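Written below as structure tokens is the structure these notes are about.
The values are calculated or read from the model by the stated rules, or taken from the named source; none is laboratory data. All values derive from a computational prediction rather than experimental measurement. Reconstructed Cβ throughout: ideal geometry from the backbone, glycine too, with neighbour counts over all protein chains shown.
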Amino acid sequence: MSAAFPGAHPNCSTILCGPLKDRVMTFIHYLKSCAPSAVRSLIPQKKPNIRNMSSTAGGLRPASVVVLHRSLAPAFEKFCQANSGPLPLLGRSEPGKWTLPTLGTAPDARTGCPQFQKYEFGACTGSLASLEEYSEQLKDMVTFFLGCSFSLEGALEKVGLPRRDPAGHVGAYKTAVPCVHIAGFCCPLVVTMRPIPEDKLERLVQASCSTVGQPIHIGDPELLGIKDLSKPDYGDPAVCQPGDVPVFWPSRLTSLEAVSSCKTPLAFTSAPGCTVMTDLKDMESPANRLTPEGIPEVHLISQDPLHYSITSASAAQKIRELETIIAVDPGNRGIGHLFCKDELLRASLSLSHAHSVLITTGFPTHFKHEPPEETDGPPGAIALATFLQALEKGVSMVVDQRALSLFEKLVEEAVEQGVMKTQTPILTYQGGSAEAAQAFLCENRDPKSPRFDHLVAIERTGRAADGGYYNARKMNVKHLVDPIDDLFLAAQKIPGISSTGVGDGGNELGMGKVKEAVKRHIRNGDVIACDVEADFAVIAGVSNWGGYALACALYILNSCEVHECYLRKAVGPSRAPGEQNWTQALPSITKEEKMLGILVRHKVRSGVSGIVGMEVDGLPFHGTHTQIIQKLLDVTSVSV
């Protein structure tokens, strides 16, 4: 066979080009046409040009090998099951056995792999061409077979992307993401990376989901704790070209880190890039056969750091339905001109990735009354905070110092009446400078250590271009407002903090993103338009509805298998909505009626009419608001 591939470089993991690259690709295509038995007959020969080619035969699934003492076998099996993304367990042998009948005619694991690595007390102490000299020790050892799929190359071909490493072992990186710890097995997740042109991202992710499985991260490698893509821990680096986006998949090389972590006296693994062949068919299911629940959509949620998220087409469609429901314009204010498609989807995706969220609300439109706040805003903010708590995220609120006592009472009574499960910290900010805003948002004033990774404003009065804060009637209420806008401005310059604004008139904090449309289409827009923008501008007929919709969207996303797997990086168990009591954390007609009743008891008035009663923005709770809440819940309750 060596004559069929003359001139092969002795190290097949180097990147090839020119005529040699062409010969490599010809050889790969030849191997793909071979019968499995023919490829297997080549692998034990240890030919340099065969070493990393065992994955190319006829769509059959290769497997990597881990050999451990029988006493460690139960724990390692549980470790693989708990971290099935990087460690898909095909099976394990009985002690002293080296084949697994369920994998077909796989060769003897002692000799059927091109190269092995030997581990002693956690350290890799050498490479072996065969394990035959350890036959006596192997009698008390168990062989694990872990599935490897090299179908990513096929996915790349489907979207017209050539391999950049035609004969190489693609680079792999240790991350800062911990695998689930089982007994003595405690190690980080290892990932592989492929640079993908931005315009082919979604097609590639869809193609890979039908073969090799979905990626666990798309974007800045530092979000995984990877400092330098040019220095992989295994294999060869892949070079990113202008316009490329790094895409990461879980790697079976995680098993090497696991073996090292347990520090057993003796263990063996297949070497990186080396596998045994099984008779199992590689995972291939054409993308067009995926159900809507499995077809992924890719969405950019941050430019700095670069970060994309994914969810299923089904979940995305449900969230678009939520967006349509809240976009009705009962006050005929022209908010349809402010609408930007998928802002709710991107905002909720970003919130789903957040660890700590800061929410602000409060619009003192009734400046002649005490309190001057309106009933739009606080219910939506508390509804969102409640669901974020259910997702076990850190949640705080920031309000005007003048209104601190009011909001403390609102939250306390919301907990007493079962609207919220637990109280959330309520903060104030009166800084007045960029430095003060950064100090508020960051630990020890360090922009590399933000306290919050998402800011949300729901019906929060926003600063206009002239520095004033205007209600819809052009009345300036600046004397009642603290400069919380500065936090949103500071967040724009701090990598890792995103922001969302929810509004219904264009004068709310965050609506600077659509200020030109506000000036053109909203009454008094040339004066009242907020000049401070958020990353995401969620437009709603009533701002409370935007808060409810964000909570519902988070439920949909975290109930979506595609998104949930992406969130946990394919390690650890999946989270079932029923087990988390998420349904009870959603807004409901009963809870929102209680919340509005709390506001009424504290003399908080309706925004349009000024009435102290069961209405918001001049619209009765029973009828208008209850219908919207029910429509949101009807969409949310449909399984995704």
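Residues of region 118-143 being at pLDDT 95 or above and of a type in the set (A, V, I, L, M, F, W, C), which ones?
Of everything in region 118-143, those that are at pLDDT 95 or above and of a type in the set (A, V, I, L, M, F, W, C) turn out to be 121, 123, 124, 141, 142.
Would you please name the residue that is surrounded by the fewest Cβ atoms within 10 Å (Cβ to Cβ), looking only at residues in region 144-153 that are modelled with pLDDT of 90 or more and of a type outside the set (A, V, I, L, M)? Give the steps one after another, and end with the answer.
Initially, region 144-153 is screened for residues modelled with pLDDT of 90 or more, giving 144-146.
Right, trim to of a type outside the set (A, V, I, L, M) and you get 144-145.
On the way: 144: 25, 145: 28.
By that ranking, first place goes to 144.
Could you check residue 83 against (1) farther than 21 Å from residue 274 by Cβ; (2) surrounded by fewer than 24 Cβ atoms within 10 Å (Cβ to Cβ); (3) not small (Gly, Ala, Ser) and say which number it fails?
Residue 83 satisfies all of (1) farther than 21 Å from residue 274 by Cβ; (2) surrounded by fewer than 24 Cβ atoms within 10 Å (Cβ to Cβ); (3) not small (Gly, Ala, Ser) except (2).
Of everything in region 416-463, what is at positive phi and assigned to a strand (DSSP E or B)? Give them in sequence order.
Step one: filter region 416-463 for residues at positive phi, giving 418, 432, 444-445, 459.
Of everything in region 416-463, just one residue is at positive phi and assigned to a strand (DSSP E or B), namely 459.
Looking at 414, 439, 385, which one is touching a residue at least 40 places away in the same chain (Cβ under 8 Å), in the same structural domain as residue 461 (by TED's automatic domain parsing) and either hydrophobic (A, V, I, L, M, F, W, C) or touching a His at 6+ places or on another chain (Cβ under 7 Å) (or both)? Write out each step before concluding.
Values: 439 fails: touching a residue at least 40 places away in the same chain (Cβ under 8 Å); 385 fails: touching a residue at least 40 places away in the same chain (Cβ under 8 Å).
Just a single option satisfies the conditions, and that option is 414.
Would a scan of region 390-397 turn up a residue that is free of Cβ contacts under 8 Å to residues at least 12 places away in the same chain, under 18 Å from residue 603 (Cβ atoms) and in a loop (DSSP other than H, G, I, E, B)? If you could, list the steps in order and put the result at the bottom.
Taking region 390-397 and keeping what is free of Cβ contacts under 8 Å to residues at least 12 places away in the same chain, we get 392.
From what is left, the residues that are under 18 Å from residue 603 (Cβ atoms) are none.
No, region 390-397 contains no residue that is free of Cβ contacts under 8 Å to residues at least 12 places away in the same chain, under 18 Å from residue 603 (Cβ atoms) and in a loop (DSSP other than H, G, I, E, B).
Tell me, yes or no, whether region 477-500 has at least one residue that is within 26 Å of residue 330 (Cβ to Cβ) and buried (at least 24 other Cβ atoms within 10 Å of the Cβ).
yes
I'm told residue 214 meets every condition in (1) crowded, with 19+ Cβ neighbours inside 10 Å; (2) farther than 19 Å from residue 146 by Cα; (3) among the polar types (S, T, N, Q) except one. Can you identify the failing condition by its number?
If we test residue 214 against (1) crowded, with 19+ Cβ neighbours inside 10 Å; (2) farther than 19 Å from residue 146 by Cα; (3) among the polar types (S, T, N, Q), just (2) comes out false.
Check whether at least one residue in region 376-384 is within 21 Å of the chain's Cα centre (by Cα) and not β-branched (Val, Ile, Thr), and report yes or no. Write out each step before concluding.
So the first thing to find is which residues in region 376-384 are within 21 Å of the chain's Cα centre (by Cα), and the list is 384.
Adding the requirement that they be not β-branched (Val, Ile, Thr) leaves 384.
Checked against the condition, which is being within 21 Å of the chain's Cα centre (by Cα) and not β-branched (Val, Ile, Thr), region 376-384 yields at least one hit.
If the requirement is being assigned to a helix (DSSP H, G or I) and more than 32 Å from the chain's Cα centre (by Cα), which of these qualifies: 623, 607?
On the way: 607 fails: assigned to a helix (DSSP H, G or I).
Just one listed residue meets the conditions, 623.
Looking only at region 513-543, how many residues end up being within 29 Å of the chain's Cα centre (by Cα) and either free of Cβ contacts under 8 Å to residues at least 12 places away in the same chain or closer than 15 Å to residue 469 by Cα (or both)?
2
Of all residues being within 30 Å of residue 220 (Cβ to Cβ) and β-branched (Val, Ile, Thr) in region 235-279, which is surrounded by the fewest Cβ atoms within 10 Å (Cβ to Cβ)? Just the residue, please.
Filtering region 235-279 for residues that are within 30 Å of residue 220 (Cβ to Cβ) and β-branched (Val, Ile, Thr), the one surrounded by the fewest Cβ atoms within 10 Å (Cβ to Cβ) comes out as 239.
Which pairs turn up if I take residues in region 583-606 that are over 18 Å from residue 631 (Cβ atoms) and look for partners that are surrounded by fewer than 22 Cβ atoms within 10 Å (Cβ to Cβ) and polar (S, T, N, Q) with beta carbon separation below 9 Å, at least 6 apart in sequence or on another chain?
Going by the 9 Å Cβ cut-off, the qualifying pairs are 585/389; 594/417; 595/417; 597/417; 598/417.
Residues are listed down the side, and each one gets a yes or a no for (1) modelled with pLDDT of 90 or more; (2) assigned to a helix (DSSP H, G or I):
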residue	(1), (2)
173	yes, no
180	yes, no
206	no, yes
226	yes, no
231	yes, no
252	yes, no
255	yes, yes
260	yes, yes
274	no, no
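Check 415, 411, 399 and return the single one that is β-branched (Val, Ile, Thr) and farther than 26 Å from residue 477 by Cβ. Steps first, answer last, please.
Values: 411 fails: farther than 26 Å from residue 477 by Cβ; 399 fails: farther than 26 Å from residue 477 by Cβ.
So the residue among 415, 411, 399 that is β-branched (Val, Ile, Thr) and farther than 26 Å from residue 477 by Cβ is 415.
Go through (1) over 35 Å from the mean Cα position of the chain (by Cα); (2) in contact (Cβ under 8 Å) with a residue 60 or more places away in the chain; (3) in a loop (DSSP other than H, G, I, E, B) one by one and return the number of the condition residue 368 breaks.
Exception for residue 368: condition (2).
In the list 584, 630, which residue meets the criterion of being polar (S, T, N, Q) and either at pLDDT 95 or above or assigned to a loop (DSSP other than H, G, I, E, B) (or both)? Steps first, please.
Details: 584 fails: either at pLDDT 95 or above or assigned to a loop (DSSP other than H, G, I, E, B) (or both).
Exactly one of 584, 630 is polar (S, T, N, Q) and either at pLDDT 95 or above or assigned to a loop (DSSP other than H, G, I, E, B) (or both), namely 630.
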